[in-house]
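Visitor: Quick one: the structure is below, questions incoming.
Only the coordinates and a few stated rules stand behind these numbers; no lab work does. Quantities reported herein were computed from a predicted structural model and do not represent experimental measurements. Using ideal geometry, Cβ is built from the backbone for each residue, glycine included, and neighbour counts are taken over all protein chains shown.
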Amino acid sequence: MNTDHLRAFVLAVDEGTFDAAADLLQISGSALSQRIKSLEREVGQVLLTRTVPVVPTESGEKLLRIARQTILLEDEARRSLGFEADYSSVITLAVAVNADSLASWFIRVLQEAATWDDVEIHVHAEDQQHTHQLLRSGKVAAAVTEHPTPVSGCRAEPLGTIRYWPVASSELLDRHRDDAGEVDWVQVPQIDYSIRDATQRTALERLGVRTPAITHLLPSVQAYNSAVGCGLGWGMIPESMMPSGVLEGEHPDLVVIPEIGAEEVQLHWQHWSTTTPALDRLTAAVKRAAARMH
């Protein structure tokens, strides 16, 4: 397959429109469209929907990861052979990272990447229960995930464990106690990071509660932790982000919820089996940073 056609296909998916992809390639929109049509004729299947934004068809999803790998390999080859700088002179590595990691230990990966002048990092934030889906779809080359089983065509390596603690305001819990002093967990507001965040739901099921009356959504780690702190609801907070004094029982308001208890999430680094020097460099940085996760 022609790598120029594959590059046009990938950029159309990433940018969402043919015109935006064409601008990056410094060609006309009609020229990019011809490249996509040529690729579709070659494979004998429609690869993209002509919508806004552009999305891959089922056949396009299957080709997407292979196309990204092919482009990455070509770009690495160009660099190693000293080709003139062009739009492919900088290697793009797309990775999926869960928000809690991104706000804590993964920052050290970005600090290392700050010294690389030949690689750009495109981070996709997603819950650790779902990052592997971005890897499977071909949207990213690597992912921090809780899934240990490698996605097809990928390798998986353990990184370490994040320990989450259920935390709530004492005042919040006291407002929802019955006459016997028991907390009515159905009535205690819960905070989720996103609609796909099952961390709190899974923990609450241990108490036999499936659906709390109120669930707030806060897609920001800092806002999430602050909201737990101000009593908006209860939530699972990583040990590394725990406010001072909570675990020791010395915080003036926040307490660990003993009925639920801590939960440990084992994280893994999954990446394409076909690696390149840039991807290997990123993997090494991730493993160094994860070693200091706690």
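Visitor: Among the GluC sites (Glu not before Pro) within segment 220-294, which fall in a DSSP loop and have no more than 14 other Cβ atoms within 10 Å of their own Cβ?
Guide: Details: sites: Glu239, Glu248, Glu250, Glu259, Glu263, Glu264; in loops: Glu248, Glu250, Glu259.
The qualifying sites are Glu248, Glu250, Glu259.
Visitor: Using the Karplus equation 6.51 cos²θ - 1.76 cosθ + 1.60 (θ = phi - 60°), what ³J(HN,Hα) coupling, rounded to whole Hz, does each residue of segment 59-70 give in order, writing x for Gly and Pro?
Guide: 5, x, 4, 5, 7, 4, 5, 4, 5, 5, 4, 4
Visitor: For Trp116 paired with Ser137, estimate the spin-label separation in nm (one decimal), with each label point 7 Å from Cα along the Cα-to-Cβ line.
Guide: 2.3 nm
Visitor: Could you line up Ile27, Ile214 from fewest to most neighbouring Cβ atoms inside 10 Å?
Guide: Ranked by crowding around the Cβ, least crowded first: Ile214, Ile27.
Visitor: For Cα Rg over 2.2 N^0.38 Å, several values are listed as [x] 1.04; [y] 1.20; [z] 1.24; flag the one computed from this structure.
Guide: [y]
Visitor: Further question: Counting Lys and Arg as +1 and Asp and Glu as -1, each charge on the Cβ, what is the dipole of segment 1-82 about the Cα centre in debye, to the nearest 20? Display every interim value, and only then the final one.
Guide: On the way: 10 positive and 12 negative charges, 32 e Å.
The dipole magnitude comes to about 160 debye.
Visitor: Here is a follow-up. Would you kindly work out the equivalent ellipsoid of segment 1-96 from its C-alpha gyration tensor and give its semi-axes, the square roots of five times the eigenvalues, largest first in whole Å? Walk me through the numbers before you get to the answer.
Guide: Values: eigenvalues 93, 43, 33 Å².
Each semi-axis is the square root of five times an eigenvalue, giving 22, 15, 13 Å.
Visitor: Right, another one. Counting only C-alpha contacts under 8 Å and six or more residues apart, can you give the relative contact order of the chain as a whole percent? Please list the in-between numbers first.
Guide: Values: 486 pairs, mean separation 59.7, N = 294.
Result for the chain is 20 percent.
Visitor: Give me Asp174, Asp75 ranked fewest to most by other Cβ atoms within 10 Å of their Cβ, as a rough exposure proxy. Walk me through the numbers on the way to the answer.
Guide: Details: Asp174 10, Asp75 23.
Going from sparsest to densest Cβ surroundings: Asp174, Asp75.
Visitor: How much length is gained on full extension from Val186 to Arg210, taking 0.36 nm per residue of separation minus their Cα-Cα distance? Don't jump to the answer; show the numbers that get you there.
Guide: On the way: separation 24, 0.36 × 24 = 8.64 nm, distance 0.82 nm.
Full extension from Val186 to Arg210 adds 7.8 nm.
Visitor: I'd like to know which of Trp165, Ala125, Leu24 lies farthest towards the positive end of the charge dipole of the chain, counting +1 on Cβ of Lys and Arg and -1 on Cβ of Asp and Glu.
Guide: The residue sitting farthest along the positive end of the dipole is Leu24.
Visitor: Placing +1 at every Lys and Arg Cβ and -1 at every Asp and Glu Cβ, with all other atoms neutral, what dipole size does segment 162-264 have around its Cα centre, in debye to the nearest 20? All intermediate terms of the calculation are to be shown ahead of the outcome.
Guide: On the way: 7 positive and 16 negative charges, 85 e Å.
Result for segment 162-264 is approximately 400 debye, rounded to the nearest 20.
Visitor: Where the eigenvalues come from the Cα gyration tensor of segment 162-264, what are the semi-axes √(5λ) of the equivalent ellipsoid, largest first, in whole Å? Kindly include the intermediate steps, with their values, before the conclusion.
Guide: Values: eigenvalues 66, 57, 34 Å².
Output for segment 162-264: semi-axes of 18, 17, 13 Å.
Visitor: If you don't mind, there's one more thing I want to ask. Is there a quick way to get the dipole size of the chain? I mean about its Cα centre, with the Cβ of Lys and Arg at +1 and of Asp and Glu at -1; what is the value in debye to the nearest 20? Working shown, then result.
Guide: Details: 25 positive and 40 negative charges, 206 e Å.
Roughly 980 debye for the chain.
Visitor: Something else: Mind checking segment 189-294 for trypsin sites (Lys or Arg not before Pro) that DSSP puts in a loop (not H, G, I, E or B) and that have at most 14 other Cβ atoms within 10 Å? Show your work: numbers first, answer last.
Guide: Working: sites: Arg196, Arg201, Arg206, Arg210, Arg281, Lys287, Arg288, Arg292; in loops: Arg196, Arg206, Arg210, Arg292.
Answer in residue order: Arg196, Arg206, Arg210, Arg292.
Visitor: In the chain, with Lys and Arg counted as +1 and Asp and Glu as -1 at Cβ, which of these residues, Pro212, Ile191, Ala278, has the Cα nearest the positive end of the dipole, that is, farthest along it?
Guide: Toward the positive end, the furthest listed residue is Ala278.
Visitor: Now for a separate question. Take every DSSP beta bridge with both residues inside the chain and express the antiparallel ones as a percent of the total, to the nearest 5. Please report the intermediate quantities before stating the final value.
Guide: Values: 23 of 36 bridges.
Counting only bridges with both partners in the chain, antiparallel ones make up about 65 percent.
Visitor: Now for a separate question. When Ser101, Ser30 are ordered from fewest to most other Cβ atoms inside 10 Å of their Cβ, what list results?
Guide: On the way: Ser101 25, Ser30 9.
Result, fewest neighbours first: Ser30, Ser101.
Visitor: While we're here: Among the trypsin sites (Lys or Arg not before Pro) within segment 13-64, which fall in a DSSP loop and have no more than 15 other Cβ atoms within 10 Å of their own Cβ? All intermediate terms of the calculation are to be shown ahead of the outcome.
Guide: Details: sites: Arg35, Lys37, Arg41, Arg50, Lys62; in loops: Arg50.
Counting only loop positions with at most 15 other Cβ atoms within 10 Å, the trypsin sites (Lys or Arg not before Pro) in segment 13-64 are Arg50.
Visitor: Tell me, in nm to one decimal, what length is gained between Ala284 and Ser240 on full extension, where the rule is 0.36 nm per residue of separation less the Cα-Cα distance? Show your work: numbers first, answer last.
Guide: Numbers: separation 44, 0.36 × 44 = 15.84 nm, distance 2.24 nm.
In short, 13.6 nm is gained.
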